[in-house]
């Protein structure tokens with residue numbers, strides 16, 4: 001052990017001058033036996049350490065800048081990995097007012113005026129009861145109020161339409177697969193409406209040359225269905241099942257009818 005020597009101190013209380021020995025913890029450090037206070041600790045000054053036993057300045061009691069006392073939790077920020085679910089936006093394909101629609105109409109072919117059909121479609125995600133519903137027909141010149149009786153009832157429904165299903169009503173000479181038969185024919189210009197059990201119009205379409213005031217027109221009339229060689233063409237909703245309540249924009253002509261299947 002390297003011994004240290006006490007410096008020469010001038011004490012005001014001592015009359016004589018000279019080097020006076022002052023007992024302290026330095027005695028302990030120097031091998032003395034006096035029970036004294038550590039001068040290095042008496043003033044409250046942290047011991048920066050001597051050559052033989054230094055305090056570790058690397059671990060001095062300073063504020064840890066790497067770990068503030070009360071920081072905002074930077075390790076757990078707002079979870080940007082799970083924002084509001086953009087993968088499940090409001091369902092545009094199945095709006096809350098989803099309903100059964102008249103999806104396609106054929107008024108005849110060059111072979112026969114009764115090679116015709118009307119297709120009903122349920123575009124919704126669930127089955128819909130159509131018990132007591134009717135498909136009504138009005139001539140192009142009919143301007144009666146919607147509550148007045150139609151010129152004729154083409155079909156009366158029973159049961160339900162399953163989600164995504166098609167229901168085809170064919171004319172006398174219709175050659176495709178049908179679910180029911182039309183009671184009367186469809187003119188080159190005319191209109192039909194799907195009525196609920198209480199008589200309210202669920203959907204309607206008018207086509208060709210229509211007299212103003214026809215209650216089955218939505219917006220403006222759809223184009224006239226083409227008269228082509230069998231199996232013929234039709235007017236169809238495009239995109240399939242779309243209903244904006246404007247017949248002239250919802251329906252377009254096609255040279256290839258698709259009864260019982262999606263329009264294209």
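Being within 34 Å of the chain's Cα centre (by Cα) and over 16 Å from residue 155 (Cα atoms): is that true of residue 248 here? Yes; evaluated as a whole, the condition is true for this residue. Against the conditions (1) surrounded by fewer than 18 Cβ atoms within 10 Å (Cβ to Cβ); (2) within 26 Å of residue 132 (Cβ to Cβ), residue 195 satisfies every one except (1). Exactly one residue out of 186, 169 is within 21 Å of residue 149 (Cβ to Cβ) and touching a residue at least 60 places away in the same chain (Cβ under 8 Å): that is 186.
With the checklist (1) within 15 Å of residue 251 (Cβ to Cβ); (2) more than 33 Å from the chain's Cα centre (by Cα); (3) buried (at least 20 other Cβ atoms within 10 Å of the Cβ) in hand, flag the one item residue 205 doesn't pass. With (1) within 15 Å of residue 251 (Cβ to Cβ); (2) more than 33 Å from the chain's Cα centre (by Cα); (3) buried (at least 20 other Cβ atoms within 10 Å of the Cβ) applied to residue 205, the lone miss is (2).
Looking across 221, 197, 212, one residue alone is in contact with a helix residue (DSSP H, G or I) (Cβ under 6 Å, 6 or more places away or on another chain) and assigned by TED's automatic domain parsing to the domain that holds residue 137. It is 221. Checked against the criterion of being in the same structural domain as residue 218 (by TED's automatic domain parsing) and more than 17 Å from residue 260 (Cα to Cα), the candidates 107, 177, 184 yield just one match: 184.
Restricting the search to strands (runs of 3 or more DSSP E) fully inside segment 199-264 and requiring at least 3 residues that are over 12 Å from residue 105 (Cα atoms) gives 201-207.
The values are calculated or read from the model by the stated rules, or taken from the named source; none is laboratory data. On a predicted model such as this, the values are computed, not experimentally measured, just so you know. A quick note on method: Cβ atoms are made from the backbone with ideal geometry, for glycine too, and the neighbour counts reach across all protein chains shown.
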